[in-house]
Amino acid sequence: MKKLVAGGVAVVAAGALAVPALAATKTVQVKDNKFVAKSITVKKGTTVKWVWKGQAPHDVSVAKGPAKFKSSVQTSGSFSKKLTKAGTYTIICTIHQPDMRMTIKVK
Ligand SMILES: [Cu+2]
């Protein structure tokens, strides 16, 4: 029984060490009326988290890219998406396009 508990602890510790590498997150700010940053490059598997900072309603929508996704129209909070397909994404706010857009390169 003691041996089993010790083994369990070792597995948990190894898992904890692996978490930072697997959970890469890049934050983008959603402002009035622009994404900051306007262009980012991330590794495949990175989660991009958009955080609403402005007053006006905005959404996050893929206009062009290897995968399609769309957030709701929000004025606060955040929206996260894990990008698992390599390529270039053009992201727009459907309310404020074509001015409010950004590019994500996933390598
Ligand atoms: Cu907008």
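Figures for the structure shown
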item: Built amide H within the under 5 Å cut-off of residue 37, gap 5+; result: 29
item: Segment 27-71, accessible area per residue, ligands and nucleic acids excluded (1.4 Å, Å²); result: 52 Å²
item: Protein accessible area in segment 24-106, 1.4 Å probe - carbon and sulfur %; result: 47 percent
item: Note, ³J(HN,Hα) from phi for segment 95-107, Karplus 6.51, -1.76, 1.60, rounded to Hz, x at Gly and Pro; result: 7, 10, 5, x, 6, 8, 8, 8, 10, 10, 9, 10, 9
item: Amide H contacts of residue 46 (H built 1.01 Å from N, under 5 Å, at least 5 apart or other chain); result: 83
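The values are calculated or read from the model by the stated rules, or taken from the named source; none is laboratory data. The shown structure was predicted, so the numbers you read here are calculated from the model rather than taken from an experiment. Keep in mind that these areas ignore ligands, DNA and RNA; they rest on the heavy atoms of the full protein, side chains included. Shrake-Rupley method; radii C 1.70, N 1.55, O 1.52, S 1.80 Å.
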